[in-house]
Amino acid sequence: MIENIDMALVNWSRGQFALVAFYHWLFIPLTLGMTYIIAYAQTIHVRTGDKEWERIAKFWAKLFGINFAIGVGTGIILGLEFGTNWANYSWISGDIFGAPLAAEGILAFFLESTFVAVMFFGWGKVSKKFHLMSVYLVAFGASLSALWILVANAWMNYPVGMVFNLENARHEMVDFWTVLFSPYAINKFLHTITSGFVISSFFIVAVSSWYVLKGRNLLLAKRSIVVAATFGLISSIFLATTGDGSAYWVAQKQPAKLAAMEGLYQGEEGAGLVAIGMLRPGKEIGDGQNAFLFKIEIPKLLSVLGYRNADAFVPGAEDLVLGNAEQNIMSAEEKIRRGKMALTALAEYKEAIALDDETTAQEARAVFEENYYYMGYGHMFDPDGIIPNVPFIFYSFRIMVILGFAFIALFLLILYLTVVNKLEENRWLLWVSIFSLPLAFLASMAGWIVAEVGRQPWTIQGLLPTMMSTSNINANAVILTFIMFAVLLTILVLAEYKIMVTAIKHGPDKQKKGGENV
């Protein structure tokens, strides 16, 4: 119960996971997308014999390699934190959550790690076709790795394919394929991986633009810009499309997150999408104040995106907390009451089983099963607590969307000016391309904030609140490791930054021109 929970432990555990995930995501997007661009350049070399394309592939593979090692290291830390900081969550759901993580290690990571060696050291030592296949397998392995991680994450947002075992109080998987092919998982995978592709594209465009500004490696830079801008443009358009799918499933399964994304406190039929707006500071549920100081919205678009119906009712935060009988929405207070009934029935069932009282056990089981979907609410006391941080989610969502559409226009402009050979005349655009790289990371991070902070207060949507997911350890231990990770990871990032900058400044100029493969 809440009075026995150390909120310092919960908050520091969340902070530590966010810290490591932040550093992890600095590296992973480059791993996801660069491999496809490297594979494309190498494919042209194999098909045409043009040495410059091999030189391009080798140069970007070198930068990929610098990034790859630290990305793997930070990912391992995240995996270990489920055991050290989130043991209760791992106990309750390890049977489901562990399966995709195991698949990631066996099917994806080994594939990627095995062929990355051939990719780096195989130039001129193995046949061209085998080497090219290795590059594609590294790209495929990186994407496959992301798939399994995102399937696990999607299950936390939309738990399917499982049952709750009253005997051991754990969730157990009963349908692996439902977990793997849940629409939430498919949308999350496609949306997130294309976000990584966009960042990778901007990385290559930014580095290449710097070469153009310096008048170095012009052929490599322009060819790289054409390939990366094309890849980025396709990925950006696909990203917007999958964003629509993600919004639909959030509306269906996580209405509180959608209400926070839109700053929607009072639900309405034919709800508009807020294009630009400023929330009223200090706004609280039920205070009667207008949620916005100002806003410009697109009429009915939120209803269309969320329910594929221009007149559909979209519930607001107050409908979800206070209930709305007209729309058949249960209040949070009632859900909490039913959740407590489920938890009490679970305790009575286990006690009856221990006493070999079959009649009482079956009665308790019936009560539990009737109220199972509210079980997580039974740990809560404040109905307002079911709504995530509205301003944080609202502004993060707009940063992501605005930048996402701006990237489409930017990739189009870069591609056009490169193809008509006028890129060098527009030096301002080269500088914009360079500074767009951190903006691409910002947009991606904002997306993760919407996804993960927007899921709060839940670790598993509706079934397990975050405050009940931590390990039974002292908060001071988490604070100490938080500081250790912050220092070590910052040093690693600075070291990689220096190595990466040195490699970029050195460039492919003095690199031996690619030798013949045998």
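The values are calculated or read from the model by the stated rules, or taken from the named source; none is laboratory data. Values in this document were obtained by computation on a predicted structure and should not be read as measured data. For neighbour counting, all protein chains shown are included, and Cβ atoms are generated from backbone atoms with ideal geometry for every residue, glycine included. Protein only, heavy atoms only, side chains kept; ligands, DNA and RNA dropped before computing areas. Shrake-Rupley method; radii C 1.70, N 1.55, O 1.52, S 1.80 Å.
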Does segment 441-456 include one or more residues that are open to solvent by 60 Å² or more (accessible area, probe 1.4 Å), closer than 30 Å to R223 by Cβ and touching a helix residue (DSSP H, G or I) at 6+ places or on another chain (Cβ under 9 Å)? yes
Hits in segment 217-252 (condition: under 15 Å from Y184 (Cα atoms) and of a type in the set (G, A, S)): G243, G245, S246, A247, A251
Segment 127-136, residues that are hydrophobic (A, V, I, L, M, F, W, C) and open to solvent by 40 Å² or more (accessible area, probe 1.4 Å): F130, M133
In segment 170-200, what residues are farther than 30 Å from I434 by Cα and open to solvent by 40 Å² or more (accessible area, probe 1.4 Å)? R170, E172, M173, V174, D175, F176, W177, T178, F181, P183, I186
Lone qualifier among L132, L150 - being in contact (Cβ under 8 Å) with a residue 40 or more places away in the chain, in contact with a Lys or Arg (Cβ under 6 Å, 6 or more places away or on another chain) and not aromatic (F, W, Y): L150
Can you name the condition, by its number, that E167 falls short on among (1) surrounded by fewer than 20 Cβ atoms within 10 Å (Cβ to Cβ); (2) part of a helix (DSSP H, G or I)? (2)
If the requirement is being part of a helix (DSSP H, G or I) and over 30 Å from I329 (Cβ atoms), which of these qualifies: L258, L233? L233
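The rows are residues; the columns are (1) within 21 Å of the chain's Cα centre (by Cα); (2) of a type in the set (F, W, Y); (3) within 30 Å of L233 (Cα to Cα).
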{"site": "L63", "(1), (2), (3)": "no, no, yes"}
{"site": "G71", "(1), (2), (3)": "yes, no, yes"}
{"site": "A108", "(1), (2), (3)": "yes, no, yes"}
{"site": "F121", "(1), (2), (3)": "no, yes, no"}
I need the full set of residues from segment 419-447 which are under 20 Å from V501 (Cα atoms) and of a type in the set (S, T, Y), in order please. S433, S436
Restricting to segment 345-378, give me the number of residues that are crowded, with 17+ Cβ neighbours inside 10 Å, farther than 23 Å from G316 by Cα and either under 35 Å from the mean Cα position of the chain (by Cα) or of a type in the set (F, W, Y) (or both). 5
Could you identify the single residue in I473, I479, I483 that is part of a loop (DSSP other than H, G, I, E, B) and over 14 Å from V205 (Cα atoms)? I473
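If you check T502, T490, which single one turns out to be more than 30 Å from I96 (Cα to Cα), in contact with a helix residue (DSSP H, G or I) (Cβ under 9 Å, 6 or more places away or on another chain) and surrounded by fewer than 16 Cβ atoms within 10 Å (Cβ to Cβ)? Reasoning before the result, please.
On the way: T502 fails: in contact with a helix residue (DSSP H, G or I) (Cβ under 9 Å, 6 or more places away or on another chain).
From the options T502, T490, the qualifying one is T490.
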Show the residue pairs that are 6+ apart or on different chains and have beta-carbon atoms under 6 Å apart, the first residue being within segment 411-438 and of a type outside the set (V, I, T), the second being assigned to a loop (DSSP other than H, G, I, E, B). L417/L423; L417/N426
Please indicate, with yes or no, whether at least one residue in segment 330-344 is without any contact (Cβ under 8 Å) to a residue 24 or more places away in the chain, open to solvent by less than 70 Å² (accessible area, probe 1.4 Å), under 37 Å from the mean Cα position of the chain (by Cα) and within 30 Å of E297 (Cα to Cα). yes
Looking at F121, F115, F140, which is the one that is open to solvent by 50 Å² or more (accessible area, probe 1.4 Å) and within 21 Å of P29 (Cα to Cα)? F140
With the requirement that a residue be open to solvent by less than 90 Å² (accessible area, probe 1.4 Å), over 18 Å from G245 (Cα atoms) and of a type in the set (G, A, S), what does segment 272-328 give you? A275, G277, G282, G286, G288, A291, G316, A317, G323
Among T84, T74, T114, the single one that is of a type outside the set (A, V, I, L, M) and modelled with pLDDT of 85 or more is T84
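Consider V160 carefully, then state whether it is open to solvent by less than 40 Å² (accessible area, probe 1.4 Å) and either at pLDDT 90 or above or touching a strand residue (DSSP E or B) at 6+ places or on another chain (Cβ under 9 Å) (or both).
Yes: the conditions hold for V160.
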Would you check which residues across segment 1-60 are open to solvent by 10 Å² or more (accessible area, probe 1.4 Å) and among the aromatic types (F, W, Y) and list them? W12, F17, F22, Y23, W25, Y36, Y40, W53
State all residues of segment 61-82 that are without any contact (Cβ under 8 Å) to a residue 12 or more places away in the chain and either open to solvent by less than 30 Å² (accessible area, probe 1.4 Å) or more than 26 Å from I204 (Cβ to Cβ) (or both); if no residue qualifies, say none. I76, L80
